[in-house]
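What follows is a set of notes on a single structure, which appears directly below.
The values are calculated or read from the model by the stated rules, or taken from the named source; none is laboratory data. Given the structure is predicted, the values throughout are model-derived calculations rather than measurements. Here Cβ is always computed from backbone atoms with ideal geometry, including for glycine, and neighbour counts include all displayed protein chains. Ligands, DNA and RNA are excluded from the accessible area calculation, which covers all protein heavy atoms including side chains. Shrake-Rupley method; radii C 1.70, N 1.55, O 1.52, S 1.80 Å.
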Amino acid sequence: MPLELTLRRAAEEVERGDLASVLRARQRLVGLVASYPDRLDLRERLAEVYRVLGDAAQAGRWTYLSEVRDEAEVTAFERAYRTPLARLEAMNWVSGEAGAPTSTARERLVGLREAADDQLRAELSVADDRDSSWRANALVLVGLVVVLLCFVVGAVTLVMWAYRWFTG
C-alpha cells in the first residue's frame, strides 16, 4: 500500500477513536516506521497514536529526535529504557547520525551514541578487570583440579567395586 494511502487510513482510524481502530493505526504506522526508519514525521505520527493509547514512554521514544517533544514523555522513555544502549537500540535508527534530517536529531543521536559508547567501555573495563585477576584464574584452576580428582577417584572406586562384584 502506498505511503500516503497508509497515512490517510491510519489518520481515519485514529479519528474513529475506538480501541480496535487506534490499534490498527498503530500497526500501520509501526510498519511505515520500519520501512522508513529515518523519517521523523512518521515517528511523530506514531507518537501521536501512543498518546491516544496513553503510553507516554512509547510517545517519548518516537519523538526523542524531534525538534519539539514533551519532556515528561522523554523522561518516561528514559525510565522504560534505563541505559543509553537500550535507548539507542529502541530508536531503530539505521543510517547513523549522518542520516538525521535535522541538526537537533543529529545532536541527540550523537549524544546518545557517545553515552552508549561510554556505557560499553565501562562494561568492558569491568569485564577486563575481572578476567585479568590472576587470583581469580588460579581459583578457577584449583576448582577444576579438584573436580577432576573427584571424577578420577569416583571412576577408580566404581571400577574396583565392579571388579569385586564380578569376581566375587
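Taking each full run of DSSP H in the chain as one helix, which ones are at least 30 Å long along their axis (Cα atoms) and have mean Kyte-Doolittle hydropathy of at least 1.6?
134-167
State, to one decimal in nm, how far the label point of GLU89 lies from the label point of ARG51, with both points 7 Å from Cα in the Cβ direction.
Placing both labels 7 Å along Cα→Cβ, they lie 2.9 nm apart.
Packing-wise, with mean Cβ within 10 Å as the measure, how do 147-155, 30-38, 46-54 rank, highest first?
Output ranking for 147-155, 30-38, 46-54: 46-54, 30-38, 147-155.
For the chain, which whole percent of the accessible surface, found with a 1.4 angstrom probe, sits on carbon and sulfur atoms?
60
Restricting to Cα atoms and excluding each atom paired with itself, what does the Kirkwood estimate give for segment 5-61 in Å?
With all distinct Cα pairs of segment 5-61 included, I get 11.0 Å.
Could you work out the relative contact order of the chain? I mean the mean sequence separation of Cα pairs under 8 Å and 6+ apart, divided by the number of residues, in percent.
After rounding, I find 13 percent.
Hey, how many Å between the Cα centroid of segment 108-168 and the Cα centroid of segment 63-88?
After rounding, the separation between the Cα centres reads 39 Å.
Please report the equivalent ellipsoid semi-axes of the chain, computed as sqrt(5 x eigenvalue) of the Cα gyration tensor, largest first, in whole Å.
Over the Cα atoms of the chain, the semi-axes work out to 56, 24, 14 Å.
Express the accessible area of segment 76-168 per residue in Å², computed with a 1.4 Å probe while the remaining protein chains stay in the model.
Ligands and nucleic acids excluded, the result is 75 Å² per residue.
Starting from the Kirkwood radius over alpha-carbon pairs of segment 84-146, derive D by Stokes-Einstein at 25 °C in a medium of 0.890 mPa s and give it in µm² s⁻¹.
This corresponds to a translational diffusion coefficient of 171 µm²/s.
TRP165 label point, 7 Å along Cα→Cβ, cut-off 17 Å on backbone N: hits in segment 137-156?
Counting only backbone N, you get 154-156.
Ignoring ligands, DNA and RNA, what accessible area per residue does segment 28-69 give at 1.4 Å, in Å²?
43
Comparing ARG24, ARG113, ARG45, which has the greatest mean-square fluctuation in the GNM of the chain with Cα pairs linked when under 10 Å apart?
ARG24
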